[in-house]
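Working notes, beginning with the structure itself.
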Amino acid sequence: MDWQLLFPDHSAMANDDHSNIIESFGESLSDYPTLPKTTVLSANYRGYIKLNGPDSVEFLQGQVTCDLSSIKPGESKNGAHLSPKGRIIFLFSATKGDDGALLLETHHSVVALAISSLKKYSVFFKTEIVNVTHEFLSVMISGSGSESLVEKIQWYSVREISPSVFSTTLNVTTAIEQLQTITHLVTPAGQGYSDLLRIRAGMAEVLEQTSDEFIVQMINLDALNFISFKKGCYTGQEIVARAHYRGAVKRRLYRISLDTDVIPFLKQGLMNTEGKMIGTVAAVAPASKTTVEILAILAIKSTDCSKVRFGEGDPIPMRLLPLPYELPKSS
């Protein structure tokens, strides 16, 4: 994908280690607070897996948390694939194509792991599971006017992940031609801004380094419509149901602002001022030059902390920020 063709007046700066990840189009962290006032198109590099064959829906129905039994062409559903112990292997948004194939959008780092895990269970089903990341492109559309802008493009899939924030998918063969019709209406931004939008949507990614770490309630998937509690059996269902019906959830995902320019790393522990471990970083993105926003899995009883410490640093002020959805009342 040649981003320079789309935005010739901006410098598309790629990640040093992964050329498909566009870090920025010249914007800086000081621009982030004003971006919501405009219509923003931000780079959003994703991974894609296709399941093709007459048994694809039946197979996946027995492996994931969402109910795909009645999914229609053009419809999308969010879900998770779990280990037998109920830990999340990967998250996805599944879209059914006109040809009956299922396209799973997920984090790019877990594609190989996801395919390997699914293939363990697919040997008795007529389905082909392949990496098609190179065939699709994702961008996020957000900010003022985003609702009307998304109606101007024929997306392969589009879903609103939070108010006025849309995660979209296009076939790469037509992406430039279609996006060129709206580039004059948008401000471009890089992957860092998409990561921040996902945090503000309260959606923690499962990456390669966090795969097989979390149960679904720990990252609020039951509040995000990733789980059907009415469908038939699937791998890991017993653990999910036990936590749901017994109300045994002691940790939840919270959105937090930290007054610092130091970036905590994924899975880093958070401690209170007394040195007690109270949570773990599940997602992180700079929000300005002086603040960082994170999604952290915290003990529910520890959400009243006013300062936290990570690494060898001093305690820093933290503020609990609102999520765009409600947690179950038992939390």
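Where a number appears in this text, it was derived from the coordinates with a stated rule and is not lab data. Just so it is clear, the structure is predicted and the values come from calculations on it, not from any experiment. Glycine gets a Cβ as well: all are built from the backbone with ideal geometry, and neighbour counts include every protein chain shown.
What percent of all Cα-Cα pairs in segment 239-331 falls into each 10 Å bin, going from 0 up to the bin containing the maximum distance?
16, 49, 26, 8, 0
So for the chain, taking the charge dipole from beta-carbon charges (+1 Lys/Arg, -1 Asp/Glu), which of A296, M277, I22 sits furthest toward the positive end?
The one lying farthest along the dipole's positive direction is M277.
For a quick protection proxy, order the peptides 67-76, 136-145, 165-174 by their average other-Cβ count within 10 Å, most packed first.
136-145, 165-174, 67-76
Could you work out how much longer the chain between L5 and T34 gets when fully extended? Use 0.36 nm per residue separation minus the Cα distance between them, nm to one decimal.
So the extension gain works out to 7.9 nm.
Relative to the Cα centre, what is the charge dipole magnitude of the chain, using +1 at the beta carbon of each Lys and Arg, -1 at the beta carbon of each Asp and Glu, and rounding to the nearest 20 debye?
Result for the chain is approximately 1500 debye, rounded to the nearest 20.
Full-extension gain between Y121 and S83, please, as 0.36 nm times their residue separation minus the C-alpha to C-alpha distance.
Additional length available on full extension: 12.5 nm.
In square nanometres, what is one fourth of the surface area of the convex hull spanned by the alpha carbons of segment 1-149?
11.0
For the chain, what is the relative contact order in percent, using Cα pairs closer than 8 Å and at least 6 residues apart in sequence?
19
Net charge around V40, counting only other residues with Cβ within less than 11 Å of its Cβ (Lys, Arg = +1; Asp, Glu = -1)?
Around V40, the charge tally is -1.
For the chain, what is the mean residue ellipticity at 222 nm derived from helices alone (per DSSP H run of n ≥ 4: -39500 (n - 2.57); sum divided by total residues; nearest 500 deg cm²/dmol)?
-4000 deg cm²/dmol
Please turn the phi angles of segment 156-162 into ³J(HN,Hα) values with the Karplus equation 6.51 cos²θ - 1.76 cosθ + 1.60 (θ = phi - 60°), one per residue in order, whole Hz, x for glycine and proline.
These are the phi-based 3J(HN,Hα) values: 5, 8, 8, 9, 8, 8, 6 Hz.
For segment 113-186, what size does the Cα cloud have along each of its three principal axes, sorted from largest down, in whole Å?
48, 27, 19
In sequence order, what are the phi-derived ³J(HN,Hα) couplings for segment 73-85 according to the Karplus relation 6.51 cos²θ - 1.76 cosθ + 1.60 with θ = phi - 60°, rounded to whole Hz, with x for glycine and proline?
Taking θ as phi minus 60°, the curve returns x, x, 8, 10, 9, 8, x, 9, 10, 10, 7, x, 8 Hz for segment 73-85.
Positive end of the dipole of segment 12-215, charges at C-beta (+1 Lys, Arg; -1 Asp, Glu), about the Cα centre: which of T183, G74, Y32 has its Cα farthest in that direction?
G74
At 20 °C and a viscosity of 1.002 mPa s, what translational diffusion coefficient does Stokes-Einstein give for segment 30-80, taking Rh as the Kirkwood radius over Cα pairs? Give it in µm²/s as a whole number.
D = 149 µm²/s.
Net charge within 12 Å of H107 by Cβ-Cβ distance, Lys/Arg positive one each and Asp/Glu negative one each, not counting H107 itself?
It works out to a net charge of -2.
Once Lys and Arg get +1 and Asp and Glu get -1 on their Cβ, which of L91, V158, T133 lies farthest toward the positive end of the dipole of the chain?
L91
What relative contact order, as a whole-number percentage, does segment 46-155 give when Cα pairs under 8 Å and 6 or more residues apart are counted?
So the answer I get is 35 percent.
Residue-wise, which Karplus ³J(HN,Hα) couplings in Hz belong to segment 134-148, taking 6.51 cos²θ - 1.76 cosθ + 1.60, θ = phi - 60°, and x for glycine or proline?
Karplus values, whole Hz, x for Gly and Pro: 5, 8, 9, 9, 10, 9, 9, 10, 8, x, 4, x, 5, 4, 6.
Find, to one decimal place in angstroms, the Kirkwood hydrodynamic radius of the chain, where the mean of 1/r is taken over every pair of different Cα atoms and then inverted.
20.7
Expected output is a single nm value to one decimal: the length gained when fully extending between E75 and D314, i.e. 0.36 nm times separation in residues minus the C-alpha distance. What is it?
Working it through step by step, the gained length comes to 81.2 nm.
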